[in-house]
Structures are given as structure tokens and as C-alpha cells.
Amino acid sequence: MIDERLVEREAAALMPNYRRQPVAFVRGEGAVLYDAEGNAYLDCMAGISMTNVGHSHPAVVRAITEQAARLINVSNLYYTEPMIELAEWIRDNSLGGRVYFCNSGAEASEAALKLARKRGGPDRPEVVALVEGFHGRTYGALSLTGQASKQEPFRPLVPGVVHVDRDDLEGLRAAVGPRTCAIFLEVIQGEIGVLPVPQAMLELARELADAHGALLVFDEIQTGLSRTGTLFAYQGAGVEPDVMCLAKSLGGGVPIGAVVAKPGIDATFQPGDHGSTFAGGPLACAAGLAACRVLADPALQAHVREVGGRLLDGLRGLVADGLATEARGRGLMCAIDLPRQNAADIVDAMLAERYLLNNTTPRTLRFLPPLVVTAEQTDGLLAALRRTLAAARTT
Ligand SMILES: *Cc1c(COP(=O)(O)O)cnc(C)c1O
């Protein structure tokens, strides 16, 4: 499946911080990736909700190509139009305030954390986040991430972060107070296996943030831009944050991150407070604008709800037949729990069937296909999964 020389060169040249599947891709189109021999694989994770427009989407390719030929990057010391256009788009389609650009999800979490700390001042050093939440790997983002295994080797972390279970209403009530500058959460926790934060918890977070003058920050890095069937997951939940973090799908595959705030909060950063050399560059923003226009199409959102519903129905069918213990999801963000701790084996077996999946825990499989995945491709995935899970049960 993969040239062993490539595996050896990788091991000798790259730090071993990733466990890679034994396959190398050279081309992609829609929800399909191709290896060097031309074998087609159905991408059921889209780089963890990154290439949601599909691989090498023609509108994104055109935007990148045209922009690259004119101007790739220039310093933030000068004006360029693509960043203004993309910021206007994000502002007008979400919280109505101004935007800060960065280059990744972790950087968006960092920026939102710094914004909240600056706005809160020295008397509000505390941040509340959720256990099993994920906000990225840099120090501030890692400190918000409520997963001990990811934090442990890197202590001491940024101080002041308190973690509360995603369904612990009383815990949240106790944690938020006059010293809290922000509550950070994902509407649906992706990295731990697509676990929705209960509606009552979202509503209470909004209420407590208002009562105590803290910011409610939603990390929509994985859920945002139509993944769950609405443009943002908060719109589906009917609870609006003060600040929202975006990245992943925002660039159509090109690195970019963004933080958008409500008016009144969006002037917290002043010149000199924060920044990044590459951030808001014309190439990334041109790609972002093209991706956003594709992802915000109501027809695509209807497709996400329809095909997502088809996927979830099929996954529930696996539960009904004892091949899985639980299926959950919203739009094209779905997961199943398995009866045994063999999710990694199922991922390997599905790779042999040419379906790209990932497992978030030893017994949880996550499904995040590009939003352009077709009903037929989804049916193919479900059939292969059923075969694979049935075969694994008898071995
Ligand atoms: C992926 C992810 C991040 C981190 O984004 P990077 O671009 O990998 O730094 C943060 N929050 C959520 C919810 C994510 O899914």
C-alpha cells in the first residue's frame, strides 16, 4: 500500500509526534483521495473537519492560483483587501463585530484567551472550561484543553483554568464568579468523540457569563461553517457567544484561524497587544473567502442535514444490530461507540477497504467527511463498516 522507502525517510526526517496510517496521498477531488497508484479512498474525516469543501475544490484552487500570481503575502503593516473582505464576511455572518486573524485553531484559542484576560484585567484571572474539551496544543490552548493525558508531560501550565464536566450544572454555577474572565466551550466536543454539551449547560453558561460580566467563548473550530447543518453550531443551539474561534474548514485546506467578537468587545486588542507575521495574508484570506462562500450555500447546508441524517440512521442501524452500542451526531459530525476497545483495529480494517476513518478513543469512531460527500458514498461507507464490524465480532 505504501512505498517502504517513504516510511523510512519519514521516520529519519520528521519528529515522531504523529502515528500515521500506512498510505501516502498525491491527489484529491471531492470526498475522495488517491494514492500514487491511483487507488481511491473515501475520506471520512476531512483532516478533522478541515477540507470540508472537498479536496482541491475548484473555487478554492482558482482563488489561490489567482491570488498567488498577484501577491502571496505582505506585512500586517500594510492594507490588503482579501483580509478585509473575509473579515467582513465573518462579521456579517456571525456575531456582528470585528475579527482577528491568525494561522491555526490553537492560535485562535490563544488569541481569545488573551482577549478575555486583557478585558477582564488583573482582578479576573480565572477561566472556566470543560473537562474533555479540546482547544489546541500550544500553552494557553493546552491549558484550556480538559484532557489530563495531553497536559501531563507539559506542566506547569497557564494558571487560572478551572475545568467542569460538560453536564455539571451545579459545578458550572460554583466555578463562575466575579473573578472569571471567560467561559470556553465547544457546542459539541469533537476530539473526545462528538459529545454534545447539553442545551441546559449552554444556556446556563450564557446566563452565568451575563450575571458575572464574563465572556462566553465558543470554540467552533471543528463545528463551524456548516459541519452540523447550520452555518455555526451555536445557531442550531440558539445560544449566542460573545466571542467565537474559527480555523480548520475556514481556509478550504489552507492554514488560517480567526476570532470574531460581538461589537463592544472587539476593540479589546489595541496596536501592539497581539499579532502574527503570516496572519491575515492575502493568499490565506482569498482561499478563506472562497471556502466560506462554498460552505455557506443553503443548498450545501440542506445536503449536510440530509446526508448527515442518512449517515446517522445507518449508524443507528449498527446499534440496533448490536455492532455498536451508541450512535450520535448532528449534520455530518457523527460518532459511534463500539462494544469492545477495538476502534483502532476497525480503523486499520477500514483502511484496507479504502475508507479513511479515525478513532477518538479506544472504542469510539468519528465520522467527519467533507460536506460534499454524496449519499452513495455514505451508503458505501455504511456497508463497509457493517461488514468490518461483523467480521471483527466473529474473530
Ligand atoms: C483542531 C481543533 C483545535 C486546534 O486547531 P489546530 O489548527 O490544530 O491548532 C482547537 N479546537 C478544536 C475544537 C479543534 O477541533
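The requirement of being in contact (Cβ under 8 Å) with a residue 60 or more places away in the chain and touching a Lys or Arg at 6+ places or on another chain (Cβ under 9 Å) is satisfied by Leu332.
The single residue among Arg91, Arg137 that is among the basic types (Lys, Arg), at pLDDT 95 or above and over 18 Å from Gly190 (Cα atoms) turns out to be Arg91. Checked against the criterion of being within 15 Å of the ligand (Cβ to nearest atom), in a strand (DSSP E or B) and in contact with a Leu (Cβ under 9 Å, 6 or more places away or on another chain), segment 145-156 contains one or more residues that satisfy it.
Is it the case, given these coordinates, that Thr277 is open to solvent by less than 30 Å² (accessible area, probe 1.4 Å), in contact (Cβ under 8 Å) with a residue 60 or more places away in the chain, among the polar types (S, T, N, Q) and not in a helix (DSSP H, G or I)? For Thr277, the condition - open to solvent by less than 30 Å² (accessible area, probe 1.4 Å), in contact (Cβ under 8 Å) with a residue 60 or more places away in the chain, among the polar types (S, T, N, Q) and not in a helix (DSSP H, G or I) - is not met. Within segment 367-379, being under 19 Å from His55 (Cα atoms) and either touching a residue at least 24 places away in the same chain (Cβ under 8 Å) or open to solvent by less than 20 Å² (accessible area, probe 1.4 Å) (or both) holds for Phe367, Leu368, Pro369, Pro370, Leu371, Val372, Val373, Thr374, Ala375, Gln377, Thr378. Answer with yes or no whether Glu207 is within 16 Å of the ligand (Cβ to nearest atom), of a type in the set (Asp, Glu) and open to solvent by 10 Å² or more (accessible area, probe 1.4 Å). In short, no. Per the listing Thr374, Thr378, the residue uniquely polar (S, T, N, Q) and touching a helix residue (DSSP H, G or I) at 6+ places or on another chain (Cβ under 6 Å) is Thr378. Here Ala335, Ala324, Ala352 are screened, and the one residue that is aliphatic (A, V, I, L, M) and exposed (fewer than 15 other Cβ atoms within 10 Å of the Cβ) is Ala352.
Screening Asp242 with (1) more than 12 Å from the ligand (Cβ to nearest atom); (2) open to solvent by 10 Å² or more (accessible area, probe 1.4 Å); (3) farther than 27 Å from Gly120 by Cβ gives one miss only, at (3).
So which helices (runs of 4 or more DSSP H) stay within segment 27-123 end to end and still have 3 or more residues that are within 24 Å of Thr138 (Cα to Cα) and open to solvent by 10 Å² or more (accessible area, probe 1.4 Å)?
Of the helices (runs of 4 or more DSSP H) lying wholly inside segment 27-123, those with at least 3 residues that are within 24 Å of Thr138 (Cα to Cα) and open to solvent by 10 Å² or more (accessible area, probe 1.4 Å) span 105-120.
Out of Ala291, Ala286, one residue alone is open to solvent by less than 10 Å² (accessible area, probe 1.4 Å) and either on the phi < 0 side of the Ramachandran plot or in contact with a Gly (Cβ under 9 Å, 6 or more places away or on another chain) (or both). It is Ala291. Tell me, yes or no, whether segment 111-118 has at least one residue that is on the phi > 0 side of the Ramachandran plot and not hydrophobic (A, V, I, L, M, F, W, C). For segment 111-118, residues on the phi > 0 side of the Ramachandran plot and not hydrophobic (A, V, I, L, M, F, W, C): absent. Residue count for segment 65-109 under the criterion of being closer than 14 Å to Ile256 by Cα and of a type outside the set (A, V, I, L, M, F, W, C): the result is 8. Picking from residues in segment 23-65 that are within 16 Å of the ligand (Cβ to nearest atom) and of a type outside the set (A, V, I, L, M, F, W, C), the one that is nearest to His303 (Cα to Cα) is Asn52. Filtering segment 131-154 to residues that are hydrophobic (A, V, I, L, M, F, W, C) and surrounded by 15 or more Cβ atoms within 10 Å (Cβ to Cβ) leaves Val131, Phe134, Ala141, Leu142, Leu144. Tell me yes or no: at least one residue of segment 195-218 is under 19 Å from Tyr100 (Cβ atoms) and of a type in the set (D, E, K, R). No, segment 195-218 contains no residue that is under 19 Å from Tyr100 (Cβ atoms) and of a type in the set (D, E, K, R). Here Gly193 clears all of (1) at negative phi; (2) within 16 Å of the ligand (Cβ to nearest atom) except the condition numbered (1). Can we say Ser149 is more than 12 Å from Cys181 (Cβ to Cβ) and modelled with pLDDT under 95? Taking the combined requirement at face value, the residue satisfies it. Within segment 214-224, the set of residues being more than 12 Å from the ligand (Cβ to nearest atom) and either hydroxyl-bearing (Ser, Thr, Tyr) or in contact (Cβ under 8 Å) with a residue 40 or more places away in the chain (or both) comprises Ala214, Leu215.
Every residue, every condition in (1) within 16 Å of the ligand (Cβ to nearest atom); (2) outside any strand (DSSP E or B), yes or no:
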site: His135; (1), (2): yes, yes
site: Ala182; (1), (2): yes, no
site: Glu203; (1), (2): no, yes
site: Tyr234; (1), (2): yes, yes
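The values are calculated or read from the model by the stated rules, or taken from the named source; none is laboratory data. In this text, all values refer to a predicted model and were calculated from it rather than measured experimentally. Positions of Cβ are backbone-derived with ideal geometry, glycine not excepted, and every protein chain shown enters the neighbour counts. Each accessible area value is taken on the protein alone, full model and side chains, heavy atoms only, with ligands, DNA and RNA left out. Shrake-Rupley method; radii C 1.70, N 1.55, O 1.52, S 1.80 Å.
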